[in-house]
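Asks: Quick one: the structure is below, questions incoming.
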Amino acid sequence: MLFSPRVTTKATRAFKIPCRFAIEWTMRAPPWRQAKQPDPGLKDGARYEAAASQWWEGQLEPFAEQHESRAEAVTRLSGYAVRAAKQAADLAPIGALGRTALRTINTVDFIRQYGLHGLAGLYLRQEIMQSAQLLYRVSSQLDVQLSMSNLVLGLYYRAAMQSGARGEDPDMVRNQWGCNSESANQQVAQATEWGPFGLFYAYQDTLTCQRLLSHHGYDLILAENSGDTKEKPVFFLAANRERKRVVLLVRGSQSAVDWLANVEFNGCQMELADGSVHQVHAGIYRRALWLDETVGPVLEQFDRAGYQTVITGHSHGAGVGALLATMRNVRRAQLGFQERKVMCVGYGCPPVVDEGLAGRCEGWVSQVVLERDVVPRISLKNVEELMERLAREQHQWQHHATTDWEAIQDRVGNLWAPRTRTLSTAKPKLNLNPTKPQPPPPTTQHQSRHGHDQTHGHGLDPRLVPPGGLVLLYQHRGFYRVGELTSDATSMRELEPSDDMTQQHSTSEYWEALCEVHAGLGEPPQWERFGSRSECSCCDAEFSWGSSGQSVAQTYMDTHNCHQCGKLVCAHCSEHRQPILDLRRAVRVCDKCFYSTPVTQVK
């Protein structure tokens, strides 16, 4: 007997509906939302020009829904099946067993992705494992390599020591980068204006993007949302008649881990219209060249009509936009056109140009970089130097790893007995004086340890960097601030591990940071320095009482500042998150502050 979807419960739908009926019922869902392209028989360039001509004549119809094919329905259903397998345990009648099954599914999936070293990653935090996977892919193109297990351990313990260095001097980053200069604030205002376009709209389906753009008075003219090939990126082109603006949205990767899979990570030479030759990222340059050849004629129509062109994107979408803007601006300058340069506003752009071209792009490219985002710094040379640094420091982090491993073995011998807070009566001060990592010796632009004009056979002589004018969004005592960067700044020439180096590449992290800086919040509370106390200010236990590892590095990872009172607390006494002052996002607060805050003040 077939069950009606209107009367069945959630558990019944999950476990009792026959498979055949479930498929037929799901296929009657609302149709897949796809764009109605004008005359799909034309080649890309001709089709784009035809759509633009229709828009100029006021005859371009809005994109409409099209019913999905059966093959597309099968693809959609396969995605549903994967998600259902991970969620079915929560719908089971025996909830405890269901939750155990769900954890087992997630653990098996994690080990499947990262191999047996993923077991260490479950202890050493998933963010570190994701960073290790990303760096391991890049290091396969280098002579200097570490095993995956050594790379994971090296990243984790170096990140821990970096955390200790920042905690020992909470004002170190602000003193290094300054705060809220006039030019940086102007770039932040521009980046905030275009943030919804590059960070969110570019990642939507065609009809959703069309609806969101209409809120700003833009008509969607071109939408290439059908596939993401080596040459053809996903993009949208929209225009605003009233403001005489045309915007090109180039989609990037949705995570730091998978952006390398979308474009090949090697270099090539790019010759500009003025005859200059520069080293650029090959895969990203290929996409920019394709856009220049196919969408370029459409952009020229708007340029001749006096429209301002803006290209925006996130991740490698920002890199594609920067190279496209550079090619078009140099060509326009050769033809004598100096007004209304093609502008590019990017977020989390990877290293795509050499340092000579990066400075030249400052007049038309503006890039936003989060403090510890790994993607803008993941050039081959930066990864190579990080690998060499981890290899040199192997004896240091192996000492921490041995200490933690011995503590884990002791706990296993006690049948993994739960840890409890142990109060200290003497309360001696713990002398936490982390050794700040020293930067590597500077290398000249045209010289590497392998000689001239080569980086392991990939033709990458100079260090590639993000192009244009850079603004850095960094956290000072938990509040985001803005500082100015140059492409040759130490921060862009070094790849320092942190426990959130992949998480900070997300679009939501960039948007929250931009909104926070743009709001111009006041001064954050003073923070206690690491080492000013040896016990948690809430429970009087050692900071790492709840961790299996007992090394100094693990103590750094387990020591936190409450964002509201600034005192040092352990991880278990600071599990709550809530907005404070005028912050939009929820931040770490200690138990004392969380439970003493009046209900009317909790947002």
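Asks: Looking for something open to solvent by less than 10 Å² (accessible area, probe 1.4 Å) and not in a helix (DSSP H, G or I) - is there at least one such residue anywhere in the stretch 488-496? It would help to see each step written out before you state the result.
Replies: In the first step, residues of the stretch 488-496 are kept if they are open to solvent by less than 10 Å² (accessible area, probe 1.4 Å); the result is 492, 495.
Retained after the next criterion (residues that are not in a helix (DSSP H, G or I)): 495.
Yes, the stretch 488-496 contains a residue that is open to solvent by less than 10 Å² (accessible area, probe 1.4 Å) and not in a helix (DSSP H, G or I).
Asks: Right, here's the next one. Right, C562: on the phi < 0 side of the Ramachandran plot and buried (at least 21 other Cβ atoms within 10 Å of the Cβ) or not? Quick ask: steps written out before the conclusion?
Replies: Numbers: on the phi < 0 side of the Ramachandran plot: yes; buried (at least 21 other Cβ atoms within 10 Å of the Cβ): yes.
Yes.
Asks: Based on what the data block shows, is L386 touching a strand residue (DSSP E or B) at 6+ places or on another chain (Cβ under 9 Å), surrounded by 24 or more Cβ atoms within 10 Å (Cβ to Cβ), aliphatic (A, V, I, L, M) and part of a helix (DSSP H, G or I)? Step through it out loud before you land on a result.
Replies: Working: touching a strand residue (DSSP E or B) at 6+ places or on another chain (Cβ under 9 Å): no; surrounded by 24 or more Cβ atoms within 10 Å (Cβ to Cβ): yes; aliphatic (A, V, I, L, M): yes; part of a helix (DSSP H, G or I): yes.
No; evaluated as a whole, the condition is false for this residue.
Asks: Related question: Assuming T555 fulfils every condition listed in (1) in contact with a helix residue (DSSP H, G or I) (Cβ under 7 Å, 6 or more places away or on another chain); (2) closer than 23 Å to P418 by Cβ; (3) not in a loop (DSSP other than H, G, I, E, B) apart from one, which condition is it?
Replies: Only one criterion in (1) in contact with a helix residue (DSSP H, G or I) (Cβ under 7 Å, 6 or more places away or on another chain); (2) closer than 23 Å to P418 by Cβ; (3) not in a loop (DSSP other than H, G, I, E, B) is unmet by T555, namely (1).
Asks: Give the stretch 348-364 a look and list any residue that's open to solvent by less than 10 Å² (accessible area, probe 1.4 Å) and among the small types (G, A, S), or say none.
Replies: Of everything in the stretch 348-364, those that are open to solvent by less than 10 Å² (accessible area, probe 1.4 Å) and among the small types (G, A, S) turn out to be G348, A358.
Asks: Please go through the stretch 284-302 and pick out each residue that is over 15 Å from R332 (Cβ atoms) and either at pLDDT below 95 or assigned to a helix (DSSP H, G or I) (or both).
Replies: I284, Y285, R286, R287, A288, L289, W290, L291, E293, T294, V298
Asks: Of all residues in the stretch 212-271, which are open to solvent by 30 Å² or more (accessible area, probe 1.4 Å), at pLDDT 70 or above, in contact with a Phe, Trp or Tyr (Cβ under 8 Å, 6 or more places away or on another chain) and under 28 Å from I378 (Cα atoms)?
Replies: Matches in the stretch 212-271: N225, E231, K232, R251, C268.
Asks: Picking from G520, G549, which residue would you name as being within 30 Å of the chain's Cα centre (by Cα), modelled with pLDDT under 90 and surrounded by fewer than 20 Cβ atoms within 10 Å (Cβ to Cβ)? Full working, then the answer.
Replies: Values: G549 fails: surrounded by fewer than 20 Cβ atoms within 10 Å (Cβ to Cβ).
Just one listed residue meets the conditions, G520.
Asks: Of all residues being of a type in the set (G, A, S) and either open to solvent by less than 20 Å² (accessible area, probe 1.4 Å) or in a helix (DSSP H, G or I) (or both) in the stretch 497-517, which is farthest from S183 (Cα to Cα)? Just the residue, please. It would help to see each step written out before you state the result.
Replies: Of the residues in the stretch 497-517, the ones of a type in the set (G, A, S) are 498, 506, 508, 513.
This time we only want the ones that are either open to solvent by less than 20 Å² (accessible area, probe 1.4 Å) or in a helix (DSSP H, G or I) (or both), so: 498, 508, 513.
On the way: S498: 29, S508: 24, A513: 17 Å.
Here the answer is S498.
Asks: Filter the stretch 142-175 down to the residues that are closer than 13 Å to Q475 by Cα and free of Cβ contacts under 8 Å to residues at least 60 places away in the same chain, then identify the one that is surrounded by the most Cβ atoms within 10 Å (Cβ to Cβ).
Replies: That would be R166.
Asks: Of the numbered conditions (1) at negative phi; (2) more than 16 Å from the chain's Cα centre (by Cα), G336 fails exactly one; give the number of that condition.
Replies: (1)
Asks: Could you list, in sequence order, the residues of the stretch 475-503 that are touching a helix residue (DSSP H, G or I) at 6+ places or on another chain (Cβ under 6 Å) and within 17 Å of G522 (Cβ to Cβ)?
Replies: H476, Y480, V482
Asks: Ok, one more. Of the residues in the stretch 233-246, how many are assigned to a loop (DSSP other than H, G, I, E, B) and either under 24 Å from S508 (Cα atoms) or β-branched (V, I, T) (or both)?
Replies: 2
Asks: Out of the stretch 272-311, which residues are among the polar types (S, T, N, Q) and over 21 Å from I378 (Cα atoms)? Full working, then the answer.
Replies: Narrowing the stretch 272-311 to residues among the polar types (S, T, N, Q): 276, 279, 294, 301, 308-309.
Within the stretch 272-311, S276, T294, Q301, Q308, T309 qualify.
The values are calculated or read from the model by the stated rules, or taken from the named source; none is laboratory data. Here the structure is a predicted model, which is why all the values come from computation and not from measurement. Counting neighbours? That spans all protein chains shown, and the Cβs are built from the backbone with ideal geometry, glycine included. Ligands, DNA and RNA are stripped out before the accessible areas are found, and what is left, the full protein with its side chains, is counted by its heavy atoms. Shrake-Rupley method; radii C 1.70, N 1.55, O 1.52, S 1.80 Å.
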